[in-house]
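Chemist: Got a structure here, written out as structure tokens. Questions coming.
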Amino acid sequence: MNLADLNKVALAMVKPGKGLLAADESTATIKKRFDAINVPSTEATRRDYREMLFRSREAMTQYISGVILYDETIWQNASDGTPLITIIEQSQAIPGIKVDEGTQPLSNCPGELITVGLDNLAARLRKYYERGARFAKWRAVIDIGGGIPTMTAIHVNAHALGRYAALCQAAQIVPIVEPEVLMDGDHDIDRCHEVTERVLNATFRELRLQRVALEGMILKPNMVVAGKKCSRQASIEEAAAKTIRLLKASVPAAVPGIAFLSGGQSDQEATAHLDAMNRIGGLPWPLTFSYGRALQAAPQQAWSGKPENVAAGQSAFTHRARMNSLASKGEWTADLENKKAA
Ligand code: 13P
């Protein structure tokens, strides 16, 4: 492992004013997104859609530091035959790859999940590195509900994140470590805080036990927010303050950066939370975005599968990327939402 190079890539992923585009939806997930806009999900439509995003020149060169790809996409060519990964590299963004293989029910823990994909991971990482991937992602999913999460689910998912991260670093790939506490339930913000704290502590314990170099990774956490079905939704400021308090207590300063998932927040909420956290300031790590839905919902709507809408889709993507870029510097305001990118 060359830690200096891993650290260089990690720092480039969280470069000031830039963040990550999570375009790594599995085939099943992108089908759900396409169903919502009445677009059939085929290899060609998935390619056309992602090509549209990656050819958004302003967004990709100014606001996006890297793109998380799905296995299908990393091997795909654009309509003119250029590999999609080359288009990303040409805009100075770093290609990354989702390497987990989704979730399975966790034995003995009804309702809980374990992320799978460790078998053959070392060999797959070697192939992805050769293709040009310089970072990877693995998402662990923790749900909050009656009696869950169990210690078991937290422990085995943290252990898998540690195994994944160690294998990535051995393959000279920066691991994005993503322990996601879902916001689906009716729990309040303090319960989210408590569970996220346990999950982050277990995750960093495993990373240390498995000798992962913290300087060569990126953390991708959820924000501390109330469950979607909770009757008391916290303000933007409360969520920002509670998230920062938790991260300061749980995330070592050696970690080069933190890039949040959006997790089902509205586009503007995800931007406002990131902005509010960066306005608090005085943090040991840059805080930026690694959004999937909060960057893509608007371009998906604007595009709707029609070639004549490609420019509109790109403009919607550029707008969201610019808003989140400003939020990563604590320079976003709500009134900018109405001014489309120049
Ligand atoms: P969302 O921002 O839609 O939560 O997706 C980010 C991601 O990569 C989840 O693994």
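The values are calculated or read from the model by the stated rules, or taken from the named source; none is laboratory data. These numbers come from a predicted model, not from an experiment. When we count neighbours, we look across all protein chains shown, and the Cβ atoms used for this are built from the backbone with ideal geometry, even at glycine. Keep in mind that these areas ignore ligands, DNA and RNA; they rest on the heavy atoms of the full protein, side chains included. Shrake-Rupley method; radii C 1.70, N 1.55, O 1.52, S 1.80 Å.
Chemist: First measure r as the distance between the Cβ atoms of E89 and T152, then evaluate 1/(1 + (r/R0)^6) with R0 = 45 Å and state the FRET efficiency to the nearest 0.05.
Modeler: Values: r = 42 Å, r/R0 = 0.92.
FRET efficiency, E89 to T152: 0.60.
Chemist: Between N38 and S79, with labels modelled 7 Å along Cα→Cβ, what's the label distance in nm to one decimal, could you check?
Modeler: 2.1 nm
Chemist: Label E308 and S266 with points 7 Å out from Cα along Cα→Cβ: what is the distance between them in nm?
Modeler: 3.1 nm
Chemist: Before I look further, what does the chain give for accessible area per residue, probe 1.4 Å, in whole square angstrom? Don't jump to the answer; show the numbers that get you there.
Modeler: Details: 13760 Å² over 342 residues.
For the chain, the per-residue accessible area is 40 Å².
Chemist: Within the accessible area of the chain, what % is carbon and sulfur when the probe is 1.4 Å and the other protein chains stay in place?
Modeler: Details: 6910 of 13760 Å².
Result for the chain: 50 percent of the exposed heavy-atom area is carbon or sulfur.
Chemist: Run the quick spin-label model on A213 and A170: label points 7 Å from Cα toward the beta carbon, then report their separation in nm to one decimal.
Modeler: Between A213 and A170, the simple spin-label model gives 1.5 nm.
Chemist: Tabulate in residue order the Karplus-calculated ³J(HN,Hα) for segment 216-230, using 6.51 cos²θ - 1.76 cosθ + 1.60 with θ = phi - 60°, rounded to whole Hz; enter x for Gly and Pro.
Modeler: Per residue, the Karplus-derived 3J(HN,Hα) values read x, 9, 10, 8, 10, x, 7, 7, 8, 9, 6, x, 4, 8, 6 Hz.
Chemist: How much length is gained on full extension from L11 to K248, taking 0.36 nm per residue of separation minus their Cα-Cα distance?
Modeler: Values: separation 237, 0.36 × 237 = 85.32 nm, distance 1.89 nm.
Result: 83.4 nm gained on full extension.
Chemist: Oh, and also: By how many nm would the segment from E194 to Y129 grow when fully extended, if each residue of separation counts as 0.36 nm and the alpha-carbon distance is taken off? Before the final figure, lay out the partial values.
Modeler: Numbers: separation 65, 0.36 × 65 = 23.40 nm, distance 3.70 nm.
Stretched out fully, the E194 to Y129 stretch lengthens by 19.7 nm.
Chemist: Right, something else. Enumerate the aspartates and glutamates that K242 could reach by cross-link, defined here as Cα to Cα under 17 Å, with residues fewer than 8 away along the same chain left out.
Modeler: Hits, sequence-local ones excluded: E180, D188, D190, E194, E197, E269, D275.
Chemist: Highest mean first, what order results for 24-37, 266-279 on Cβ atoms within 10 Å? All intermediate terms of the calculation are to be shown ahead of the outcome.
Modeler: Working: 24-37: 15.9, 266-279: 21.6.
Answer by packing, highest mean first, reads 266-279, 24-37.
Chemist: For segment 230-342, what size does the Cα cloud have along each of its three principal axes, sorted from largest down, in whole Å?
Modeler: 49, 36, 23
Chemist: Hey, if you drop one equal point scatterer on each alpha-carbon of the chain and run the Debye formula without solvent, what base-10 log of I(q)/I(0) do you get at q = 0.09, 0.11, 0.14 Å⁻¹?
Modeler: Here the Debye-derived log intensity ratios amount to -0.44, -0.67, -1.15.
Chemist: Can I ask one more? Putting +1 on Lys and Arg Cβ atoms and -1 on Asp and Glu Cβ atoms, find which of A160, G17, Q301 reaches farthest to the positive end of the dipole of the chain.
Modeler: G17
Chemist: Sticking with this one: If you count only protein heavy atoms and use a 1.4 Å probe, how large is the accessible surface of K98, to the nearest 10 Å²?
Modeler: Number for this one is 30 Å².
Chemist: Can you compute 3J(HN,Hα) from phi for each residue in segment 292-304, using the Karplus curve 6.51 cos²θ - 1.76 cosθ + 1.60 with θ = phi - 60°, rounded to whole Hz and x for Gly and Pro?
Modeler: x, 4, 5, 9, 10, 4, 5, x, 4, 4, 5, 6, 6
Chemist: What order do you get for 211-218, 60-67 when each peptide is scored by the mean count of other beta carbon atoms within 10 Å, highest first?
Modeler: Numbers: 211-218: 20.4, 60-67: 24.2.
Final packing ranking: 60-67, 211-218.
Chemist: Calculate the length of the line joining the C-alpha centroid of segment 76-95 to that of segment 216-242, in whole Å.
Modeler: If we compute the Cα centre of each part, the gap is 34 Å.
Chemist: Shifting gears a bit: Within the set of other residues whose C-beta is less than 15 Å from the C-beta of G282, count the net charge using Lys and Arg as +1 and Asp and Glu as -1.
Modeler: Values: positive: R245, K248, R279, K329; negative: none.
With Lys, Arg at +1 and Asp, Glu at -1, the neighbours total +4.
Chemist: Can you tell me the convex hull volume per residue for segment 28-95, based on C-alpha atoms, in Å³ to the nearest whole number?
Modeler: Details: hull volume 6.0 nm³, N = 68.
Hull volume over Cα atoms, normalised by residue count, gives 88 Å³.
Chemist: On to the next question. Which entries of K31/K339; K8/K137; K228/K329; K98/K306; K31/K306; K220/K248 show an alpha-carbon separation above 20 angstrom in the structure shown?
Modeler: Details: K31/K339 31 Å; K8/K137 17 Å; K228/K329 27 Å; K98/K306 27 Å; K31/K306 16 Å; K220/K248 15 Å.
Over 20 Å apart, Cα to Cα: K31/K339; K228/K329; K98/K306.
Chemist: Roughly how many debye, to the nearest 20, is the charge dipole of the chain about its Cα centre, given +1 on each Lys and Arg Cβ, -1 on each Asp and Glu Cβ, and no other charges?
Modeler: Numbers: 40 positive and 37 negative charges, 116 e Å.
Magnitude of the dipole: close to 560 debye.
Chemist: Please give the calculated 222 nm ellipticity per residue for the chain, where each DSSP H segment of at least 4 residues contributes -39500 (n - 2.57) and the sum is spread over every residue; nearest 500 deg cm²/dmol? Walk me through the intermediate numbers first.
Modeler: On the way: 12 runs with 155 residues, N = 342.
So the calculated ellipticity at 222 nm is -14500 deg cm²/dmol.
Chemist: Please give the Cα centre distance for segment 1-74 versus segment 124-176, rounded to the nearest Å.
Modeler: First find each Cα centre; the distance between them is then 18 Å.
Chemist: Now a separate question. Which FRET efficiency, nearest 0.05, do M1 and Q301 yield, Cβ-Cβ r, R0 35 Å? If you can, show how the numbers build up before the last one.
Modeler: Values: r = 43 Å, r/R0 = 1.22.
In this case the efficiency is close to 0.25.
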